[in-house]
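In what follows, a single structure is set out as structure tokens and then discussed.
No lab work stands behind these numbers, since they all come straight from the coordinates. Since the model is a prediction, treat every value here as computed from it, not as a measurement. Counting neighbours? That spans all protein chains shown, and the Cβs are built from the backbone with ideal geometry, glycine included.
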Amino acid sequence: MASAYLLIDVEAGRELEVVKLLSKIDGVKLAHVVTGLHDVIAFLEARDIKELRETIIKKIRAIKAIRRTVTCLAVDVD
């Protein structure tokens with residue numbers, strides 16, 4: 001299992017639209033509008049890194065209102 005937090009910058013005023021679109025994408029478990037440096041934070045889960053990459057590049061980055069993303073891979077610590 002691979003998971004990541006995605007920090008997302010969007011066009012001004014389109015934050016809620018982006019969150020709604022993200023919530024429809026398989027693998028996106030949570031998406032919230034936030035305050036601070038970024039506009040939206042999403043949590044993603046996938047079978048592996050390859051599937052995670054495909055979701056980010058082909059589905060999430062395809063949303064036109066998204067200007068920039070930063071991917072933070074989650075690391076399990078036992």
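Key figures for this structure:
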quantity: Pair residue 3, residue 58: separation of 7 Å Cα→Cβ label points (nm); calculated: 2.4
quantity: Label point distance in nm, residue 33-residue 71, each placed 7 Å from Cα along Cα→Cβ; calculated: 2.7
